[in-house]
Amino acid sequence: MNDTRCTFDGPRDEVLVAYLYDDIGPREREAFEAHLPDCLICRTELDALSDVRGGLAAWAPPDVLDGIGGTAPSSALRIVNPESPRVSTGFRTFAEAPVWLQAAAAMLVVAASLGLANLNLTYSPSAGLSVSTGWMLPAPAVTPAPAPVVTAAAPTPDPWQADLTVLEQKVMAGVKAQLAATEASDGDAALLARVRNIVQESERRQQRELALRVAEVARESQVQRQADLVKIDRNLGLIQRSTGVEVMRTQQQLNTLAQRVSQQR
Amino acid sequence: MTSTDEELVARSMGGDHDSFNQLILRWERPIYALAYRTIGREEDARDVCQETFLRAYRALPKFRREAKFSSWIYRIALNLCRDWARRERRTPVVQLPEDMDLIEMAAAVGPSESIEDLVARKDLTARVELAMARLPDEQRTAIVLKEYHGLTFQEIADLQGCPLSTVKTRLYQGLSVLRREFARSPGRVA
Ligand SMILES: [Zn+2]
């Protein structure tokens, strides 16, 4: 028995912490348990560190959604794959659709209803575009701004990216406007409920906008196709008319020739 | 019957979004808790949590099927926490509990007490948070992964990229510092 000095043979601190967490090999455990009754220092320290662990147990992260809204964060972050942009496009095959539309159809919408400041919409599994208000924006020259920033990862902007950017800006502007309107709210639960509604509404609006744009493109393409058909019609008509004239002229020439021949006889 | 993480990952890799959503459902709380205890800010922890799953989803094709999904997702989250620390150039923040009335407390505080003492006296959680926030990153992360996530020393060593013995030393040193911190706090924690 030695009350002033620990005589454990081995990496005592490591073994002690391994014993404390019960993450220890059988041989080390045996050795340490044989040592403990004889070592007041180790026993005291083991007790103290157990108490520290007890104190650590008091530290729970704030569960915002449980605390305020009463629901688990299960509605917070989900990957969804909206099918709607595919239907009623007027394109016979998917490959005929414009590139941006294909991207929209394949897009992923990850919506966060967890909080106001970190609304995060991301449109493309291949990291094409993302909107975020948090600190994880691709670092620009300035410090992270509180306002939403739209970033494009692709070095050369495709036409559809511009379309989506416009959509995002509209959605974000709408959300921000509504958030501003609800700022002087009467309770956290009510506020969270409103935020949820806003986020959902913004998603619906976003999908509606996409559907509108899809319809627009389809209509434009339809109009263009009709215009092309008219043009072709007209051209065909011209060809037919000119062909008719040619035939008439040829017939007249033949007639004239026949007359001459008969006259010469 | 509930699917294992590995089964869900396999289905996610096959394009089944619902399976990935199940993985999110299963892991978002631990990941959020990890992020919160590592960086100390609710909003940023939520950002980290979101970004972790986004990155995981995008990186699914690169996921090695023999790997453990939880280790993979922890690694992504810890990398993001590290990015956060670099970006913010600061140590974890301690947020005051919302129900804490500082004015009322200031009236009750003695002249020799600091604001930290004040907070510590009022709220046990804040005391633990303060003490944890003062630890070096590696020690804090090792403690968080062991204490709150029940990882093995080996798993922590893999995540922290250090020898097994280093993990144990980090834990021992971190806990020893906490022991001293708690001992000198008013109204001792431990
Ligand atoms: Zn000893």
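The values are calculated or read from the model by the stated rules, or taken from the named source; none is laboratory data. This one's a predicted model, so the numbers in the text were calculated from it and none came from an experiment. Because the Cβ atoms are built from the backbone with ideal geometry, glycine has one as well, and the counts that use them run over all protein chains shown. For the accessible areas, the whole protein counts, side chains as well, though only heavy atoms, and no ligand, DNA or RNA atoms are used. Shrake-Rupley method; radii C 1.70, N 1.55, O 1.52, S 1.80 Å.
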Notebook entry, point to check: Could you list, in sequence order, the residues of segment B:156-173 that are within 24 Å of B:Y32 (Cα to Cα) and within 11 Å of chain A (Cβ to nearest Cβ)?
Noted result: B:I156, B:V167, B:R170, B:L171
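For (1) at pLDDT 90 or above; (2) assigned by TED's automatic domain parsing to the domain that holds B:V48, each residue gets a yes or a no:
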position	(1), (2)
B:D83	yes, yes
B:R86	no, yes
B:Q95	no, no
B:S114	no, no
Item checked: Residues located in segment B:133-155, provided they are more than 7 Å from every other protein chain (Cβ to nearest Cβ), open to solvent by less than 60 Å² (accessible area, probe 1.4 Å) and either of a type in the set (A, V, I, L, M) or over 17 Å from B:A85 (Cβ atoms) (or both) -> B:A133, B:L135, B:A142, B:I143, B:V144, B:L145, B:Y148, B:H149, B:G150, B:L151, B:E155
Next item on the list: Considering only residues that are assigned to a helix (DSSP H, G or I) and open to solvent by 40 Å² or more (accessible area, probe 1.4 Å), look in segment A:52-77 and name the one that is modelled with the highest pLDDT.
Entry: A:R53
Next item on the list: For segment B:2-17, indicate whether the set of residues that are among the charged types (D, E, K, R), at pLDDT 90 or above and touching a Ser or Thr at 6+ places or on another chain (Cβ under 6 Å) is non-empty.
Entry: yes
Next item on the list: Among the residues of segment A:7-51, write down those that are within 8 Å of the ligand (Cβ to nearest atom), open to solvent by less than 40 Å² (accessible area, probe 1.4 Å) and not in a helix (DSSP H, G or I).
Entry: A:F8, A:C39
